Amino acid sequence: FDIALEVPADRVALSNMPVKEERITGDKKFVHFDTTPIMSTYLVAVVVGEYDYVEKTSRDGVLVRVYTPVGKSKQGLFALEVAARVLPYYKEYFNIAYPLPKIDLIAIADFSAGAMENWGLVTYRETCLLVDEEHTSAVRRQWIALVVGHELAHQWFGNLVTMEWWTHLWLNEGYASFVEFLCVNHLFPEYDIWTQFVT
């Protein structure tokens, strides 16, 4: 997919791939993104809005960003740390490197689902991504780690390799639901996360 957008100049514009070209003319911004790899249409994503972000490069060289509502960037630090550690783990586990140059995780107010694994631009409900150090419980942090692990597992199993038809979606979700526990157990053994695994 070749995605190009015209948006208000003061807005953040995101899609599956990094920005290739951006120019501002008056109060408009024209944004052209790199061409995506071959992918299913249900994984195409575009987000336009007012956001802050935190970023880190994973050990294996992938740019990871967590986008938050303006003023909440510190609440994205936990998910950023999890995501930056998940990518090298999955690279080793699947024996295939994450194939895109970046991965964005974005918290969207009133997002209808818990999260959606759009390739390179994963969308989350705020409660599934953001951690308020003063108010977020330990159980919620564990859950956020699981959701991030789940959605990033889909970057390989579901995105890189996609089921033939919707009747096979159970395999896609079932495998990601299992692998998220493997990942979180590896990253946070102190969570004793397998005690929460229910089939």
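Values computed for the structure shown
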item	result
Within the range 89-114, tally of residues that are over 23 Å from Lys20 (Cβ atoms), in a loop (DSSP other than H, G, I, E, B) and hydrophobic (A, V, I, L, M, F, W, C)	4
Pairs, first touching a residue at least 12 places away in the same chain (Cβ under 8 Å) and among the aromatic types (Phe, Trp, Tyr) in the range 87-109, second crowded, with 16+ Cβ neighbours inside 10 Å and not in a helix (DSSP H, G or I), C-beta under 6 Å, six or more apart	Phe94/Trp156; Tyr98/Val62
Criterion: touching a helix residue (DSSP H, G or I) at 6+ places or on another chain (Cβ under 8 Å), within 24 Å of Glu173 (Cβ to Cβ) and not in a helix (DSSP H, G or I) - qualifying residue of Val66, Val82, Val54, Val86	Val66
Count of residues meeting criterion [among the hydroxyl-bearing types (Ser, Thr, Tyr), without any contact (Cβ under 8 Å) to a residue 40 or more places away in the chain and within 29 Å of Met163 (Cα to Cα)] in the range 15-40	1
Residue tally, condition part of a loop (DSSP other than H, G, I, E, B), in contact (Cβ under 8 Å) with a residue 24 or more places away in the chain and over 15 Å from the mean Cα position of the chain (by Cα), over the range 137-164	1
Flag for Asn95 being on the phi > 0 side of the Ramachandran plot and either exposed (fewer than 14 other Cβ atoms within 10 Å of the Cβ) or in contact with a helix residue (DSSP H, G or I) (Cβ under 7 Å, 6 or more places away or on another chain) (or both)	yes
Test for Gly76: is it touching a residue at least 40 places away in the same chain (Cβ under 8 Å) and not in a strand (DSSP E or B)	yes
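Each reported figure results from applying straightforward, stated rules to the coordinates on display, with no laboratory input. Just so it is clear, the structure is predicted and the values come from calculations on it, not from any experiment. All Cβ positions, glycine included, derive from the backbone under ideal geometry; neighbour counts span all protein chains shown.
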